[in-house]
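Report on the following structure.
The values are calculated or read from the model by the stated rules, or taken from the named source; none is laboratory data. Keep in mind the model is a prediction, meaning the values are calculated, not measured. Ideal geometry is used to build each Cβ from the backbone, glycine not excepted, and the neighbour counts take in all protein chains shown. Calculation scope for accessible area: heavy atoms of the full protein, side chains included, ligands and nucleic acids excluded. Shrake-Rupley method; radii C 1.70, N 1.55, O 1.52, S 1.80 Å.
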Amino acid sequence: MLKFVSILRIKKLIICAFIFISFSVSANVVNLTTEYTKTPIGIDVAAPRFAWQMTAKSGERGVYQSAYQLVVKDAGNQIIWDSGKIADGKSVSVTYAGPELKPATRYVWTVTAWDQISRPSSASSWFETGLGRCGNELEAWNGATWIGGGNEDLVLYSPYLLIFNVRYGITIEPGSTKASFVYGANDSRLMDKNMNIYQVEKKRNESYLKVELDISGVDGSETGLAKINIFRAGYIETDTPEKPIRTFDIKYQFINNINKHQEHTVQFSSIFGQISLTLDGAADFIVVPPAPASQASPQGAPPQFRGRQMGASVNLNPAGSGGDYLPYGMLCEMGFSVDPGQRA
């Protein structure tokens, strides 16, 4: 009799366990995403969208979601939003509707979904907000602002600058006759013979390019002209600091005995070492000597244009002219220069 009762109790326990399991196991919630991404980092939307899927047990049919609930917690495990149980089968693009999210913060969210016979299933995931906020505020950057975007923000790294445009004003004081602008100075390639094709090795301030305004010849007559002298020093061994590589005579109407000690504006552009100059905003300030008869165009032939070689233009690149050559000179170090006893 005792043995019979024991067998009945075992059968009853098995039947109860089977019933409990059949009613407690439900569909599973899987594939949780925030903004259509699993565990995203750096999202910057004010109201993220959540999504999930439900999977049924093998062989089970007609399973669907009848309700859901979303709970979002902050880094301190405090609930910041609870949607409450919502009777809806929606599981895609469910939008966050809690208070404003903080930047650079990880949030954990949990979804509970109920199936067609009200069996619940839950799963959790997380997301991290970016440094911005709704409205593109930079709260997490401690008040920093964006840099760049305008000419005033561009970084000038002169040792690598091979195309540039320089404009400066220069006034030669009474009693003085010359003043210069120096650039291309102390190019690091020219200070080490292993870094240039000419194997020159110059000490500091021994290599430079110089644009000199010279009013020593202005004497009040129309033949006493000011000059712009172009010097190149230390780029190749044959460079002579005392002898200009090119001299341009300035027309009398631009600089004369009346205005020679007034301020004049010199502007020059350099492209791979080919420089072109203007004076006081004019490109036609130089005296152009007549071409030799051997170079004159035949009668009726169209004029021959030589591009950058026309006007006050000269190539200071010892390697040649054009983009196929090593570029000299760079902007490098620059500044004003006067000879001893001169003031400007």
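Counting charges near V338 (Lys, Arg +1; Asp, Glu -1) among other residues having Cβ under 15 Å from its Cβ returns a value of -1. Summing +1 for each Lys or Arg and -1 for each Asp or Glu among the other residues whose beta-carbon sits under 9 angstrom from that of I230 gives +2.
For the residue pairs K57/K90; K38/K102; K203/K251; K203/K243; K210/K260, the alpha carbons lie more than 28 Å apart in K203/K251.
With all protein chains present, how much of the accessible area of the range 174-223 (probe radius 1.4 Å) comes from carbon and sulfur, to the nearest whole percent?
Exposed carbon and sulfur together represent 44 percent of the surface.
So, counting K/R as plus one and D/E as minus one, what does the shell of residues with Cβ under 9 Å around P318 add up to? Once all neighbours under 9 Å are counted, the net charge is 0. Averaged per residue, the range 188-287 has 50 square angstrom of accessible surface, using a 1.4 angstrom probe with ligands and nucleic acids left out.
In this label model, M195 and I258 are separated by 5.0 nm, measuring between points 7 Å along each Cα→Cβ vector.
Before anything else, pin down the relative contact order of the range 222-289: Cα pairs under 8 Å, at least 6 apart, normalised by residue count, whole percent.
Relative contact order, the range 222-289: 27 percent.
When F254, F285 are compared by accessible surface with a 1.4 Å probe, the order from highest to lowest is F254, F285.
The GluC sites (Glu not before Pro) of the range 178-261 that DSSP puts in a loop, and whose beta carbon has at most 11 other beta carbons within 10 Å, are E222, E237, E242. Within the range 29-123, what whole-number % of the accessible surface is contributed by carbon and sulfur, with the 1.4 Å probe and all protein chains included in the calculation? Whole-percent figure for carbon plus sulfur exposure: 49.
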